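S.K.: Dropping the structure in here first, questions after.
Every number in this text was worked out from the coordinates using simple rules, so none of it is lab data. The model shown is predicted, which means the values in this text are computed figures rather than measured ones. Here the Cβ positions follow ideal geometry from the backbone for every residue, glycine too, while neighbour counts run over all protein chains shown.
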Amino acid sequence: MSDNSNNNDGQVTLEVRDGIGWVTLSRPQARNAMTFTMYAQLQAIFEGIVPGGDVRALVVTGAGEKAFAAGTDISKFRDFTTPQHALDYERTMDVVLGSIERCPVPTVAAIAGACTGGGAAIAACCDLRIASRDIRFGFPISRTLGNCLSVANLARLSDLIGVARTKEIIFTSRLIEADEALASGLVSELLDDHASLMSRAAALANVVASHAPLTLRATKEGLRRLRTASQVQDDDLIVSCYMSEDFREGLEAFLGKRPANFKGR
């Protein structure tokens, strides 16, 4: 996560080269921490990809070599004063992430450095993930803000790394690093440096782009339907965290660069 005190909203860009779309999360001065503007741009890009169009596969990556995306810019959370604010935010995030999952072409996350919070959620929605050896993946919210993941995001994460590891990394607020990321199946390949990561991402995107589009699309959509077959209500969980004294304390502590003093209320 990162403060947005410099008022730079950042941007998400799409560049198409030889049928491969390169989606770049660009706010490098803040380790590509995602602003609400960037989430809207990301959604628009993915909703603009059509079956049989010029883009046959997408690579999602962060600008620079230090981070994929270090979470969401949390300064806007100071404006959250009602339960509806919290619910609207989580529902908006699910729409954004759902646009990635529903994308009709294969998606590859090329992860370098920090990949946390909202950035980790974006990577989890991609079809394939590869990383450089400096990957640090996780959701350190039990140490920082005291909010929670939606049930949809918990399902995405547990599908990738299992229920037990999901609980463990959230409870401890630790980040998954290279060897564990590979061993757990979070990523399929580790690359030694950023240049190798980008080269391999291009090669992998070209491989999947050359395969039967209908097979890939049916596989993606079938697996998505399996995961979303049972919709679970989580409004009470979201409101209990975002409207708590602990969340306000976590927010101010994070922005003030001090440890939070959580009290469970």
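S.K.: On a 0 to 90° scale, report how tilted helix 151-161 is relative to the longest principal axis of the chain, with both axes built from alpha carbons and the result rounded to the nearest 10.
M.R.: 60 degrees
S.K.: Taking only DSSP H segments of four or more residues, each worth -39500 (n - 2.57), what value at 222 nm results for the chain once the sum is divided by all its residues, to the nearest 500 deg cm²/dmol? Write down the numbers at each step before the final one.
M.R.: On the way: 10 runs with 117 residues, N = 265.
The helix contribution divided over the chain gives -13500 deg cm²/dmol.
S.K.: Can you give the FRET efficiency for S210 and D88, using 1/(1 + (r/R0)^6), R0 = 35 Å, r = Cβ-Cβ distance, to the nearest 0.05?
M.R.: 0.30
S.K.: A further question follows. For the stretch 81-203, state what percent of all Cα-Cα pairs lands in each successive 5 Å bin, counting from 0 Å until the bin that includes the largest distance.
M.R.: 2, 11, 20, 23, 20, 13, 7, 3, 1, 0
S.K.: If we count other beta carbons within 10 Å of each Cβ, what is the order of D234, D9, D179, fewest first?
M.R.: Values: D234 17, D9 14, D179 11.
If I rank by nearby Cβ atoms, fewest first, I get D179, D9, D234.
S.K.: Using θ = phi - 60° and the Karplus curve 6.51 cos²θ - 1.76 cosθ + 1.60, what whole-Hz ³J(HN,Hα) does each residue of the stretch 143-150 get, with Gly and Pro shown as x?
M.R.: Result, ordered by residue: 9, 9, 8, x, 8, 9, 8, 5 Hz.
S.K.: Mind checking which of L190, L175, L214 has the largest fluctuation in a GNM of the chain, springs on alpha carbons under 10 Å?
M.R.: L214
S.K.: What is the calculated FRET efficiency for D235 to F171, with r their C-beta to C-beta distance and R₀ = 30 Å, to the nearest 0.05?
M.R.: Calculated transfer efficiency: 0.85.
S.K.: Let me ask something else. Run the paramagnetic zone check for R217: 7 angstrom along Cα to Cβ, then residues of the stretch 98-113 with backbone nitrogen under 20 Å.
M.R.: 98-108
S.K.: Moving on. I'd like the per residue volume of the convex hull spanned by the Cα atoms of the chain, given in cubic angstrom.
M.R.: Hull volume over Cα atoms, normalised by residue count, gives 118 Å³.
S.K.: If you don't mind, there's one more thing I want to ask. For the residue pair S196 and E65, what label-to-label distance in nm results when each label sits 7 Å from Cα along the Cα-to-beta-carbon direction?
M.R.: For S196 paired with E65, the spin-label model returns 1.3 nm.
S.K.: How compact is the stretch 123-265 by the rule of thumb for globular proteins, expressed as Cα Rg over 2.2 N^0.38 Å?
M.R.: 1.26
S.K.: Given R₀ = 51 Å, FRET efficiency for R265-V50 by Cβ-Cβ distance, to 0.05?
M.R.: That gives a FRET efficiency of 0.55.
S.K.: I've got another one for you. Between the helical axis of 213-228 and the dominant principal axis of the chain, each derived from Cα atoms, what acute angle in degrees is found, rounded to the nearest 10?
M.R.: 20 degrees
S.K.: Here is a follow-up. Angle, helix 245-255 long axis vs. longest principal axis of the chain, Cα atoms, 0 to 90°, nearest 10?
M.R.: Between the helix axis and the principal axis of the chain, the angle is about 60 degrees.
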